[in-house]
Amino acid sequence: MANRTPTADLLKGIAAILMIQVHIIELFATHDIFKSNIGQLLLFLGGPPVAPVFMIIFGYFIAGSKKSTFQLILRGAKIITLGILLNLALNFNLILSVNKGLLDIDIWPYIFGVDILLLAGLSIICIALLKKALDRSIILVIVFIIISAFLGNFLLDHTTEQPFLKYILSLFYGASTWSYFPLFPWLAYSLTGILFYKIQQNYDLNLLNKPKIKIILGACFLLFLTLTIQYAITISSDLPAYYHHGIIFFLWVISFLFFYTFFINQIDKLFGGTILFVYLKWLGKNITIVYIIQWIIIGNIATEIYKTVSNPFYLLLWFASVLLISSGICYSWIKIKEMLIKRQ
């Protein structure tokens, strides 16, 4: 497996913060806040800097893995199982409410909702099956990236209303409202992580560390954001469009993340030892646990207060509380696990 890098952990830690806030906005905030300019900006911050970052880093480390095809497929199956178990856990209150007759809704879309863990599991299985082909050529990796990004939007014209088939197809593309992170177009991000790993292994990127290059990149980033940020906010704040975006938005995200990652890396060199950055890297290092905990908290509370919080201050309190509780439970879990290991 590729070695852990501080920048990767920092990127995931920042993404964890942005992820929690966007889940709060999506599930707790009233429609007026959700559709406001601030709401749209918060949805953007919970978009390109979050799920794409997770999946690119995920692909990067898969590329450096020495595991066999079978081991990767087995890991993918375990992640898919974990994803379904998480769906059950975060919707536990909802399932109880339906069983008690308090709510009259179909619970199956919630149990089989295609969230990022299911995407990660499917992606690793797909990559495992393609690994020999991907190892042959960087060009071939780029071809698969383009195909994956293109299919996400293209396949939307080929949906079905047959119930069982719809659940299966939802894993692969937006065949339903519960297909949040289908394999297409999102596989393209994991493949991009593989591409970056291969580029890093085969080419010298030290040129990017020259002061003049940094200044040029900074100017390009500002110009890029100035010209395109409204487009990105429009897509990111329209959740169906974001979940099932096409190749144009994919290319925008990759361009954005190139600049974003570069400057996060530069900032880490300056402030990486501060308490805040150490905490963010800790969150990133333990992102799977934090992801699971925050969803269980937010998901079960959302059954009671779904889209009813109209006060921004209360939303901020919810965000701070979920972050604090998730961090505390994660820390306790790690310490208990370490104690159990020492006793063995």
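The values are calculated or read from the model by the stated rules, or taken from the named source; none is laboratory data. Please read all numbers here as calculations on a predicted model, not as lab measurements. Every residue, glycine among them, receives a Cβ derived from its backbone with ideal geometry; neighbour counts consider all protein chains shown.
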Options Ile248, Ile233, Ile254: the member that is part of a helix (DSSP H, G or I), closer than 30 Å to Val143 by Cα, at pLDDT 95 or above and touching a Leu at 6+ places or on another chain (Cβ under 8 Å): Ile233
Enumeration of residues in region 135-179 that are of a type in the set (Lys, Arg) and either in a loop (DSSP other than H, G, I, E, B) or surrounded by fewer than 16 Cβ atoms within 10 Å (Cβ to Cβ) (or both): Arg136
Residue within region 281-298 that is part of a loop (DSSP other than H, G, I, E, B), surrounded by 13 or more Cβ atoms within 10 Å (Cβ to Cβ) and out of contact with any Pro (no Cβ under 9 Å at 6 or more places or on another chain) present: yes
Residue match in region 301-309 (condition: at pLDDT below 95 and of a type in the set (A, V, I, L, M)): no
Residue that is polar (S, T, N, Q), part of a helix (DSSP H, G or I), over 20 Å from the mean Cα position of the chain (by Cα) and modelled with pLDDT of 95 or more, where the choices are Gln71, Gln40, Gln21: Gln71
Filter pass, Ser148 being of a type in the set (Ser, Thr, Tyr), modelled with pLDDT of 95 or more and farther than 13 Å from Gly83 by Cβ: yes
Subset of region 97-134 that is in a loop (DSSP other than H, G, I, E, B) and aliphatic (A, V, I, L, M) - its residue that is nearest to Lys166 (Cα to Cα): Ile107
Members of region 196-211 found to be in a helix (DSSP H, G or I) and loosely packed, with under 10 Cβ neighbours inside 10 Å, listed by number: Asn202, Asn206, Leu207, Pro211
Hits in region 296-328 (condition: hydroxyl-bearing (Ser, Thr, Tyr) and in contact (Cβ under 8 Å) with a residue 12 or more places away in the chain): Thr303, Tyr306, Thr308, Ser310, Ser326, Ser327
Of the criteria (1) over 30 Å from Val98 (Cα atoms); (2) surrounded by 12 or more Cβ atoms within 10 Å (Cβ to Cβ); (3) of a type in the set (D, E, K, R), which one Lys307 fails: (1)
Among (1) touching a Gly at 6+ places or on another chain (Cβ under 7 Å); (2) of a type in the set (S, T, N, Q); (3) closer than 23 Å to Arg75 by Cα, the one test that Ser170 misses: (1)
Flag if Ala128 is more than 27 Å from Gln71 (Cβ to Cβ) and either small (Gly, Ala, Ser) or touching a Gly at 6+ places or on another chain (Cβ under 9 Å) (or both): no
Whichever residue in region 235-275 is of a type in the set (Ser, Thr, Tyr) and in contact (Cβ under 8 Å) with a residue 12 or more places away in the chain and, among such residues, is surrounded by the most Cβ atoms within 10 Å (Cβ to Cβ): Ser236
Condition check for Tyr331: in contact (Cβ under 8 Å) with a residue 60 or more places away in the chain, hydroxyl-bearing (Ser, Thr, Tyr) and either assigned to a helix (DSSP H, G or I) or on the phi < 0 side of the Ramachandran plot (or both): no
Set Ala29, Ala63, Ala89, Ala77: member being buried (at least 20 other Cβ atoms within 10 Å of the Cβ), modelled with pLDDT of 95 or more and aliphatic (A, V, I, L, M): Ala29
